[in-house]
1. Taking region 102-129 on its own, how many of its residues are within 27 Å of R378 (Cα to Cα), within 27 Å of the chain's Cα centre (by Cα) and either assigned to a helix (DSSP H, G or I) or touching a residue at least 60 places away in the same chain (Cβ under 8 Å) (or both)?
2. Go through region 272-287 and count every residue that is surrounded by 14 or more Cβ atoms within 10 Å (Cβ to Cβ) and in contact with a Lys or Arg (Cβ under 9 Å, 6 or more places away or on another chain).
3. For E194, indicate whether it is buried (at least 18 other Cβ atoms within 10 Å of the Cβ) and charged (D, E, K, R).
4. Restricting to region 1-51, name every residue that is farther than 21 Å from A173 by Cβ and either free of Cβ contacts under 8 Å to residues at least 60 places away in the same chain or of a type in the set (A, V, I, L, M, F, W, C) (or both).
5. Only residues that are closer than 22 Å to V148 by Cβ and within 26 Å of the chain's Cα centre (by Cα): list them for region 229-250, please.
6. Which residues, counting only those in region 149-202, are at negative phi and in a strand (DSSP E or B)?
7. Could you grab the pairs with beta carbons closer than 8 Å, sequence gap of 6+ or different chains, first residue in region 233-254 and within 17 Å of E291 (Cβ to Cβ), second one surrounded by fewer than 13 Cβ atoms within 10 Å (Cβ to Cβ) and of a type in the set (D, E, K, R)?
8. Counting only residues that are among the small types (G, A, S) and closer than 13 Å to E225 by Cα, how many does region 242-259 have?
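The values are calculated or read from the model by the stated rules, or taken from the named source; none is laboratory data. All values derive from a computational prediction rather than experimental measurement. Note that each Cβ is placed from the backbone with ideal geometry, even for glycine, and that neighbours are counted across all protein chains shown.
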Amino acid sequence: MRPLDGMTVISLEQAVAAPFATRQLADLGARVIKVERPGAGDFARRYDETVHGQSSYFVWLNRSKESLTLDLKTPEGGQILRELIEEADVFVNNLGPGAIGRLGLDAPTLTARHPRLVHCTVSGYGTAGEWSHRKAYDLLVQAETGLVSITGTPEAGARVGISVADIAAGMYAYSGILTALLQRANTGKGTTLEVSLFDALAEWMGNPAYYTMYGGTPPPRAGAEHATIAPYGPYTCATGDIVMLAIQNQREWLAFCADVIEQPELAEDPRFQTNPARVAHRTELNVIVGERFARLATDDAIGRLDAAAIANARVNTMAEFADHPALTSRDRWVEIDTPGGPIRALKPPATFTDGEPRMAAVPAVGEHTDAILTELGRSAADIAHLRSAGTV
């Protein structure tokens, strides 16, 4: 038994945030029925064609789901979806502003009819307030929350290289749904929850927000370095590899000077005695440390850092990450099917000792439509009619 075996999730989803939440529910055993547009399906299917002709986003976010195509603007399509929700435990949606209400699938309408239903809406800026009508995409939310302003180099801000606002919202939707199911188990009643991309990323901006509100200035953009700790960042070794190191306290700083760069006197230099002083004189410090690392082979540098109990890492390429020993030595990759052929997929981060996650195929558009309609009592003739009418 997986934790969510027997649960059914109906998701009117697209793009990243809601699909990430529901894929994690599927990992735990929930039956996730993904409702897509007839023909093209979720537009995230066409973001790129790099994975056997499919989108890298889509294959990451949609394994272990069933795909049902419905035109919800037709009476028949709406009726089919309402029948599915009748038997569901969770309904998830992340359509554009106002769309879910126009379809009659808003939380007040559905929870009045289904008091045990967990209704989750993922939005851009919330469903109330002055910004509720605005469309929101990941980069735009990174900009509005100030993340772009503190990311990048001193010369220019930058987008974080992954869809961090979508991922944050998906994680809060996932944990919120699990919380709602736990509450339902205790009370017998479902609930309504909402997660916005803006609120999710705003929570993650707590540290720089407090730093700015109470310190008077924002943390500076520092590229791959830490904005408020030094030395904490990348240094190039004699062999051309880049090693990242992180000094966290005075003990590590003393050990770094004595045992790694072999300049114990540096620890007593007034410019570098404390972390605030090192940050203020970061340029001079980087010259000294950089010159020493430029004379060390990569393995030697890492060996010295390890011996001194100073955290460090290589700056890996994506190809090096894919074959990282922290993954391969623990069998974190498994093979799953996709419409274009088998691919490697990472197991979920949360590992349970008494069971394996569900790691099933990525569905083709509408792959499960006939089977789901048959479950709902539609005959072969009914399904043929719905298909010819463009309803499915």
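1. Summing the residues that are within 27 Å of R378 (Cα to Cα), within 27 Å of the chain's Cα centre (by Cα) and either assigned to a helix (DSSP H, G or I) or touching a residue at least 60 places away in the same chain (Cβ under 8 Å) (or both) in region 102-129 gives 4.
2. Summing the residues that are surrounded by 14 or more Cβ atoms within 10 Å (Cβ to Cβ) and in contact with a Lys or Arg (Cβ under 9 Å, 6 or more places away or on another chain) in region 272-287 gives 6.
3. no
4. Within region 1-51, M1, R37, A40, R46, D48, E49, T50, V51 qualify.
5. Those that are closer than 22 Å to V148 by Cβ and within 26 Å of the chain's Cα centre (by Cα): Y232, G233, P234.
6. Scanning region 149-202 gives T153, A156, G157, T192, L193, E194, V195, S196.
7. A238/R295
8. Adding up the residues that qualify gives 1.
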